[in-house]
Amino acid sequence: EIMQAFWHIELVQVKAIQHLTSFIRDRSAFPYLLMVTELITSAMKTHVDSLKLQVDGCSLLLEILNPALELDVMMVLDENMISSLLDIVRKHSESEELLSLVCTLLMVLSASEVIAENLWELGVIPDLLSTLLNFVHNANICLPCCGVLWSLAVSETNIDRALLASAAPVVFEVLQEHIQNGAIAESACSALWALSLQGCLTENEYEPTTALLLDALRMNPGRPVLVKNACLALASLLRLSETAALRLITDSKGSGINLIKDACCFHFDDPEAVENICILINEMIQYEDIVLDMLSQKMEELLFEIKCQFPSS
């Protein structure tokens, strides 16, 4: 009631959001917090110039959203609320702390097909790419931005492939910058996979992207999600390009075939990882030069082990 009565007074809204934040750990207060999300976003929209209110408001929304997802309860966020979040990105494009919070909110929310469609309609991609380019060094910004790009690329709405194509070199740069950060590398690999599936990479990008994905596998062998996403991205590239296939066996840092064999052995108890590796192998055998290398490195022994391990799959 106070937030509604004094909607125009910034200090009242700041104090109200801070007071609401004090109830986050109180499980009995959670249903009531869900009811005030619209008031929070309304205050953020009204006082968009207030950096403190934006930071506190985004932090509170995230605190509400995370348990909501755990309980399979979705917050009601309409297009106006999503638009307000984008306004924050545009108004406070220099605040790394705030951008990391807003982009994390967008990443979580974009898992919803409806919200992904809203983001497309509101033209979020240029904002994401600008943010990534300005703060490519910031892990807390790069990870959620790549997550949003993945959601947009795999959404069922009518996507703009030309606009998505402009994201490919930016995601490539992010993966280069953070290739040893497993979480960001996972997110970037998933984005590259989705972009390649949508035909958003140019012919000139096939070979360097293949090399970079191989590097990601080398540097993060123990991360199953990364292995799954990188293998699917590589499979997509090999489906498109012989140049990518040749890079797999001629990479200066070592054979891609050995790398894939090692990844399979490392994650042999993970059916999904093995399945994605097999999808990649299925693309590899379309090229005679790769088949010859596979035979010389006794890949058939690994395939036999996979068949024995998963006889019904």
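The values are calculated or read from the model by the stated rules, or taken from the named source; none is laboratory data. Keep in mind the model is a prediction, meaning the values are calculated, not measured. Virtual Cβ from ideal backbone geometry, glycine too; neighbours counted across all protein chains shown. To get the accessible areas, we keep the full protein, side chains included, count just its heavy atoms, and leave off ligands, DNA and RNA. Shrake-Rupley method; radii C 1.70, N 1.55, O 1.52, S 1.80 Å.
Looking at segment 248-307 only, could you name the residues that are open to solvent by 60 Å² or more (accessible area, probe 1.4 Å), outside any helix (DSSP H, G or I) and in contact (Cβ under 8 Å) with a residue 24 or more places away in the chain?
Matches in segment 248-307: 253, 286.
Residues in segment 1-41 that are small (Gly, Ala, Ser), open to solvent by 60 Å² or more (accessible area, probe 1.4 Å) and under 13 Å from residue 60 (Cβ atoms): how many?
The total comes to 1.
Here is a yes/no grid of residues against (1) under 15 Å from the mean Cα position of the chain (by Cα); (2) under 17 Å from residue 232 (Cα atoms); (3) part of a loop (DSSP other than H, G, I, E, B):
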{"residue": "179", "(1), (2), (3)": "yes, no, yes"}
{"residue": "187", "(1), (2), (3)": "yes, yes, no"}
{"residue": "200", "(1), (2), (3)": "no, yes, yes"}
{"residue": "205", "(1), (2), (3)": "no, yes, no"}
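With the checklist (1) outside any helix (DSSP H, G or I); (2) modelled with pLDDT of 90 or more; (3) over 20 Å from the mean Cα position of the chain (by Cα) in hand, flag the one item residue 56 doesn't pass.
Residue 56 satisfies all of (1) outside any helix (DSSP H, G or I); (2) modelled with pLDDT of 90 or more; (3) over 20 Å from the mean Cα position of the chain (by Cα) except (1).
Kindly state which helices (runs of 4 or more DSSP H) lie completely within segment 77-172 and contain at least 3 residues that are buried (at least 19 other Cβ atoms within 10 Å of the Cβ), hydrophobic (A, V, I, L, M, F, W, C) and free of Cβ contacts under 8 Å to residues at least 40 places away in the same chain.
Correct list: empty, since no element meets the threshold.
What residue, among those in segment 44-53 that are among the hydrophobic types (A, V, I, L, M, F, W, C) and at pLDDT 90 or above, is most open to solvent (accessible area, probe 1.4 Å)?
Going through the qualifying residues, I end up with 51.
Can you name the number of the only condition in (1) assigned to a helix (DSSP H, G or I); (2) surrounded by fewer than 19 Cβ atoms within 10 Å (Cβ to Cβ); (3) at pLDDT below 95 that residue 245 fails?
(2)
Is there any pair linking a residue in segment 195-213 that is surrounded by 17 or more Cβ atoms within 10 Å (Cβ to Cβ) to one that is in a helix (DSSP H, G or I) and of a type in the set (Phe, Trp, Tyr), with Cβ under 7 Å and at least six apart or on different chains, and which?
Hits for this filter: 209/172; 212/172.
Does residue 236 qualify as being of a type in the set (S, T, N, Q), on the phi < 0 side of the Ramachandran plot and more than 27 Å from the chain's Cα centre (by Cα)?
no
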